[in-house]
Each structure stands twice: as structure tokens, then as C-alpha cells.
Amino acid sequence: MRTFSKALGFVLLVVVALPLMAEQGTKTAANPLVYINTVFENASPLFWEMGDQGEVNVFLMYDHERDSPNRAAGHWHFRVEAPKGSEVPIILNNLDNIYNGRKGSPAKDSSISYVSPDGKTWRAIETELLEGNRLKLLVKMEAAQMYVARLEPYRLSDLENLLDEIRDSPHVDIRKIGETVEGRPLEIIQVGNRDALHRVLIRARAHPWEPGGSWVVQGMIRRLLRDDEAARACRKRYSVCIMPMANKDGVVRGWTRFNVAGKDLNRNWDQPADAVHAPENRALESWIESMIAQGRKPDVMIDFHNDQNGRLHISRPDVDLGQHLALMKRVEALLRKHTWFTEGATGGKFRNPGSIGEGLLERYGMQAFVHELHANRIAGLDSYPSGANWELYGEQLCEVLYELFPAD
């Protein structure tokens, strides 16, 4: 009798559970997702799981700063696999960044994302800011796979293609100056007359999630190498020395801010570089010192970044700032005149201690500044940021520099 009661209870349990199991199965079937793939160059580290409402929860993984509580997650790049014509709702989690003990987030009401069916042709889509510091985006499957990225990617392979494209030009010198933590070569690309009276140093991609600078320098290089009168005039008046991708290891791995040894490559420039944990900075520092020793110190240094303001960061350390501020005022005016730039510059007593702009000004008297590129909107074009728009900016910068320097 007791055995029969147990059996009856089990049958009743199964009968009650079957509708619940069917309902859960229906929910899972309602979500068309097949897989989220991150096994490709520049894909961001993450894990994912199905939510209760048919959404896909993507959890970004933080990269961390050495000897610090700071952490960052703001780069996403992954491939969604689902039937063509379906829609996949995705919620991005783990956006609770920490910097200098303060909480911050890349998630804003104005945040955008990019999608592409082939990883080459990208278009912007809007996101929705959710409670709990999360971002929701709806991926419409134009093909059986769709790439999703924070911004239009610029990968190490894109840089390598550019180097192959330009290395045989008589106006280009590509020189290895060091290696990353993981042994990838770091180069300086010099375009223009090596003996020109004026020199510009540009660095891009200290932070892996920020591709804008990579697109800008690509546009600039290609413009300077055209065979027309304007390009020839620019190459004669000034040369440009470019470190095109400072944090190659982080770009390959799809990280957000730090290098693979946990160093922020836009900090600690107020002191000699850590050659073990930040060999990327030590390589550039050594190159700068060699240029100074040759009497060829760059006239201006620009460090490109992405953020959600798009301003020029003009630091004001405790040094004689008269010449520096006058030059920065001219730079801003020429950017407004010749490019789509409208966002302006920091004022007052703005400081960014340890940044490359402030550090090079303090240590070497170099006219250096950080140039942020807005990650959500280009006001001057009334458009979203894109590789093409940033390349255009690089082209326009050539004329800015031509007018910035006096004729020989």
C-alpha cells in the first residue's frame, strides 16, 4: 500500500510538472538564438545565459588595473548566430566600472552599438538603458550570423593591412621601436620629409576599446600619401610620426582599458616608464628621448582616445603654460575651421595627472594633449561615429597641421 502511494505521488508530480516543463520549453523555443561566438580577433571576453523573458543576458568580463581596485568593461564585440529574419533581444551586464575608487559606467541614454552581417559593413543601432546599469539592444538577423560591437572595430589585422599597403612608399618609413608585453612589435610610422622643420607625434589605441584614433591615423596617412599638390605641400612642411596601436595585446584580446600586465598606458607619464609592466610606454618614451637628443623634438603631440564627451583635454600642470595654452587655442580654432570638430576643450584649471599630455609637457616641455573622440555622436556631422567619419577627420587634420606651422 505504501509503495502504491509513493507511485501515485510520483505520477501526480509528473502530471503537475508537465505543463510547467512545456511552458519553460516554449519560452526557450521562443528565443531564436543558436549561439554567441567569441572565437575571432578582437572579440570581447564574456559569458551568456538565457533570461526568463526570452532575452539573452551577456555578461562582459572586466579587465583590472595592477595594484588597484580599478576595473573596466566597456568593449563588446561578439557574433550572434540565429535564423535569418529573426530578432534576438540582448541585455549587456557587468558595466559597473571603477576608476580611482569611483563607480562609472559606459551605459548612457545616448549609447549606441553597431551591427554587421559580415564584420566589414557596419551600421549603428540605438540601445535602451535599463534599470540596474544595463543596456538592451535588439539584433535583427539580416543573415544567419550578425556581429555586434560597441564601435566599428579596427583590429590588429586592419593595421597590418595598412602597413602592407604603405611600406613601399618613398614617403614612408616604418621603424620598430619595441615590443608589447606579449612580444608583438611596436612601430613608428613616419610620413613626410624626415628633415622637415616641423614634426608631429601621434599615438592611438592606448585603450583597446577606443578604435577612433586608429581610423583617424589611417585616414591621415592615406591623405598624406596622395599624389596631389596639397599632399606634397603637407609632406614638405611637416612630417608625422605615428604610433598607430599602442595596446596591441589588449586589442587582440578584446579588452577594454588596461594592457595585459594591468597597466593603464595613459597613466604614470609623470615618471619614467615601467619597462617590465608597460614596455609599450617605455618604447615610446625611449623614442621621444632619442628624437630630443637628435634635436628633433616633436612640435606637437596628440594622443587619440574615445569617450562620451569628445573634447580636447588641455592639462594645466604647475609649469609655465603661456606658450602651451596659446598653441592649444590655435589648434582648437583650426580644428573648428577645417574639420567637423565642435566639442571644444577643457578649461579652468583642468588637470589629468600622469596622462601622456600632462606628463610630456612636464618632463620634456612637449606641447602635448589628449584628443577625445565622441563615441556616441558626431555633432559637427549630425551623424553617428563610424570608421568612414573618423577617416575623414584624419584627412581634414592634414590641413589643420599645414596651417598650424609657418611656411619654411
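Derivation of every value follows stated rules applied to the coordinates shown; laboratory data play no part. Predicted, not measured: the structure shown is a model, and the values here were computed from it. Backbone-built Cβ (ideal geometry, glycine too); neighbour counts: all protein chains shown.
Here the Karplus relation 6.51 cos²θ - 1.76 cosθ + 1.60, evaluated at θ = phi - 60°, turns the backbone of segment 158-171 into coupling constants of 5, 5, 4, 5, 5, 4, 5, 5, 10, 5, 8, 5, x, 9 Hz, with x for every Gly and Pro. The 3J(HN,Hα) values that the Karplus relation (6.51, -1.76, 1.60; θ = phi - 60°) gives for segment 133-149 are, in residue order, 6, 10, 10, 10, 9, 10, 9, 8, 7, 6, 8, 6, 9, 9, 7, 10, 9 Hz. Gly and Pro appear as x. Applying a DSSP loop filter and a limit of 11 other Cβ atoms within 10 Å to the GluC sites (Glu not before Pro) in segment 116-157 leaves 131.
Among 224-230, 313-319, sorting by the average number of other beta carbon atoms lying within 10 angstrom of each residue, highest first, gives 313-319, 224-230. With both residues required to sit in segment 35-149, DSSP beta bridges show an antiparallel share near 90%. On a straight-distance basis, which aspartates and glutamates could pair with residue 84 in a cross-link, Cα separation under 14 angstrom, same-chain partners fewer than 8 positions away excluded? The reachable aspartates and glutamates, counting only those whose Cα sits under 14 Å from residue 84, are 118, 142. Between the DSSP loop rule and a limit of at most 11 other Cβ atoms within 10 Å, which trypsin sites (Lys or Arg not before Pro) in segment 299-408 are left? For trypsin sites (Lys or Arg not before Pro) across segment 299-408 that sit outside H, G, I, E and B with at most 11 neighbouring Cβ atoms in 10 Å, the list reads 349. Values (i) 266; (ii) 174; (iii) 151 are given for comparison; volume of the Cα convex hull per residue in Å³, derived from the coordinates here, is the one labelled (ii). For segment 254-293, the residues whose backbone nitrogen is under 19 Å from a point 7 Å from the Cα of residue 318, taken along Cα to Cβ, are 268-272. Here the peptides 48-60, 273-285, 241-253 are ranked by packing, the mean other Cβ count within 10 Å, and the order with the highest first is 241-253, 273-285, 48-60.
Residue-wise HN-Hα couplings along segment 244-255, as the Karplus relation 6.51 cos²θ - 1.76 cosθ + 1.60 with θ = phi - 60° gives them from phi, are x, 8, 5, 10, 4, 4, x, 5, 4, 7, x, 7 Hz; Gly and Pro carry x.
Taking the DSSP bridge list for the chain and keeping only pairs wholly inside it, about 70 percent are antiparallel.
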